[in-house]
Amino acid sequence: QVQLVESGGGLVQAGDSLRLSCAASGRTSGTYGMGWFRQAPGKEREFVAAISWNGGITRYADSVKGRFTISRDNAKNTVYLQMNRLKPEETAVYYCAEKRGIRVGVLRADYDSWGQGTRVTVSS
């Protein structure tokens, strides 16, 4: 059973940057796509960004395009989410997720495993 552990969340001001990390352990061999989702208080969990197993394909929610960048380092079993020009409405718990296979997933149902989340608070 894979374990995903997110880190890097915190309290920042609007316009600041943060980089989230997600470290995976306990994987079996294979190819895995990774994604980031977020859930604000009282709202549904929503897609933020995804990356294919080799990093060759990325997908972003329209609301974060041009500001967020997803990347991965397979040697370290880690995926990152660089978040720039953060907005107060992006205050949420950010979750890392993993899916088997070579395709990129943008739906919650595409993913097989989830981390516990890391909280990001953006003050105005």
Across (1) within 11 Å of the chain's Cα centre (by Cα); (2) open to solvent by 70 Å² or more (accessible area, probe 1.4 Å), Glu6 clears everything bar (2)
Among strands (runs of 3 or more DSSP E) entirely inside segment 5-124, those with 1 or more residues being hydrophobic (A, V, I, L, M, F, W, C) are 10-13, 18-25, 32-39, 46-51, 68-73, 78-83, 92-100, 118-123
The correct count of residues that are within 23 Å of Asp112 (Cβ to Cβ) and either open to solvent by less than 60 Å² (accessible area, probe 1.4 Å) or among the acidic types (Asp, Glu) (or both) in segment 40-60 is 12
I'd like to check something: does segment 10-32 contain any residue that is in contact with a Pro (Cβ under 7 Å, 6 or more places away or on another chain) and open to solvent by 30 Å² or more (accessible area, probe 1.4 Å)?
yes
Filtering segment 66-92 down to residues that are within 17 Å of Gly10 (Cβ to Cβ) and open to solvent by less than 20 Å² (accessible area, probe 1.4 Å) yields Phe68, Leu81, Met83, Leu86, Glu90, Ala92
When Ser63 is run through (1) of a type in the set (Ser, Thr, Tyr); (2) open to solvent by less than 50 Å² (accessible area, probe 1.4 Å); (3) under 17 Å from Val120 (Cα atoms), the failure sits at (2)
Taking first residues from segment 68-84 that are under 15 Å from Gly56 (Cα atoms) and second residues anywhere that are small (Gly, Ala, Ser) and not in a strand (DSSP E or B), the pairs with Cβ under 8 Å that are 6 or more apart or on different chains are Ser71/Gly55; Arg72/Gly55; Asn74/Gly55
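The values are calculated or read from the model by the stated rules, or taken from the named source; none is laboratory data. Only a predicted model underlies this, so the values are computations on that prediction, with no experimental measurement involved. Counting neighbours? That spans all protein chains shown, and the Cβs are built from the backbone with ideal geometry, glycine included. Heads up: the accessible areas ignore ligands, DNA and RNA and are worked out on the full protein's heavy atoms, side chains in. Shrake-Rupley method; radii C 1.70, N 1.55, O 1.52, S 1.80 Å.
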